[in-house]
Amino acid sequence: TRPFNAIPVHLEEPSGATGESYTEYRNRVLAFLEAAKRNGESKKSAPVPKHTPSPQQSPSTEGTPSNGKDAAYLLKRKKNNLAAKRSRDLRRAKEDKLTIRVSYLERENKALR
């Protein structure tokens, strides 16, 4: 569902600029999306607050590693979380790029028909 929500419907229709190149179309779509993001019209939902365990659910201290091992584990988790975020961001960027290209080609196909 996500890739096809990237392009607003009214941008897919030919707007009188029949000779518009892909680069011009891409720049116009990206400018529109940036303006929408600045105006707070982004489709992203509000961030979900992290779950904090209640006092009854506090983790047991049995079997927990010493502080040195705990710090190393936390560092690994932090690195992994950053790598996962980078990966997700790159995937989203690729999806958006592909969606813009598909939108342009569909628009061009309509004009050729």
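So the values come out like this:
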read-out	value
Extension gain from THR23 to LYS79, taking 0.36 nm per residue of separation minus the Cα-Cα distance	16.6 nm
Most to least accessible of TYR104, TYR73, TYR25 (protein chains only, probe 1.4 Å)	TYR73, TYR104, TYR25
Most to least accessible of ARG86, ARG38, ARG77 (protein chains only, probe 1.4 Å)	ARG38, ARG86, ARG77
Virtual spin-label span in nm between ASN39 and GLU106, 7 Å along Cα→Cβ	2.2 nm
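The values are calculated or read from the model by the stated rules, or taken from the named source; none is laboratory data. This is a predicted model, so every value here is computed, not measured. Neighbour counts run over all protein chains shown; Cβ positions are idealised from the backbone, glycine included. SASA here: full protein model, heavy atoms, side chains in, ligands and nucleic acids out. Shrake-Rupley method; radii C 1.70, N 1.55, O 1.52, S 1.80 Å.
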